[in-house]
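Report on the structure given below.
FYI, it's all coordinate maths here, none of it is from the lab. Predicted model only: the values in this text are computed from it and were never measured. All Cβ positions, glycine included, derive from the backbone under ideal geometry; neighbour counts span all protein chains shown.
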Amino acid sequence: MSTFWTATVACLVILFCVVGVQSIGVCDDFPCGPVGACVPATASGTIPGNRGTPDGTKNGVGFSCTCDEGFEPAIGGGPCVDIDECRRGPVNPCGQFGHCRNALGYYECDCEHGSVATVINGALRCIKESNACEDNPCGSAGICHPQQDGSHVCECMPGYEATGGNGKGPCKARVDPCVGNPCGEGGTCSAVVGDGYRCTCLPGYSQNAQFARIGGGCHARAIHP
């Protein structure tokens, strides 16, 4: 009776370099260019912090490019190339009153006569030049910001507020409703939103129910024998 033995042999791929040639890492020769940082792929083939597949490969090894602001990885992976903001979307980033001009890493707006470049929500746009701030409607305690509709908004200093409603000026010092202690000696006054105040009465004192809603003072509670 013959006995046969079987064995499973695992084949390993051994990487080696030709004599005189030095092995380099996937990011050693800066595949992302001068405006990007190269991040090698993990063993699973994904990029730390990114979803999906690597942005690019080199010699079968994946890598990702983290580009500076205004740049993005080229299609197919690295190097980082300039983003043409003027052609990126269907809407002109400078708005209807400006012409967009692309530059390396950013864009510029050439505004029409009667309009001015300003930053709105972090983006450069051209808006109609307004004289809404010409007469300094916010006063010395505020900074006037013209709006696209020709109106203005006041940015008031700490301790001041716009008294014209909807952010309109002038900026005036907030009135402390607790000045003079309207709660009396039997209570503690606390300012509330809307220029009102609230009285917290001490033991033995109560707030007149008739004036409770408008912050009436604290009065000594009557003691009956």
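Overview of values
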read-out: Dimensions in Å of region 58-159 - Rg and Dmax from alpha carbons; value: 19.6, 67
read-out: nm² value of the averaged projected area, convex hull over the Cα atoms of region 112-172; value: 4.4
read-out: Whole-number D in µm²/s for region 68-110 (Stokes-Einstein; Kirkwood sum over Cα pairs; 25 °C, 0.890 mPa s); value: 222
read-out: Sorted largest first, extent of region 85-128 alpha carbons per principal axis (Å); value: 26, 19, 18
read-out: Ascending count of other beta-carbon atoms within 10 Å, so fewest first, for LEU202, LEU124, LEU104; value: LEU104, LEU202, LEU124
read-out: Sorted by Cβ density within 10 Å, fewest first, the residues ILE83, ILE143, ILE127, ILE120; value: ILE120, ILE143, ILE83, ILE127
read-out: FRET E, pair GLN96, SER140, Förster distance 45 Å, beta-carbon r, rounded to 0.05; value: 0.80
read-out: Taking VAL175, VAL116 and counting other C-beta atoms within 10 Å, the order from fewest to most; value: VAL175, VAL116
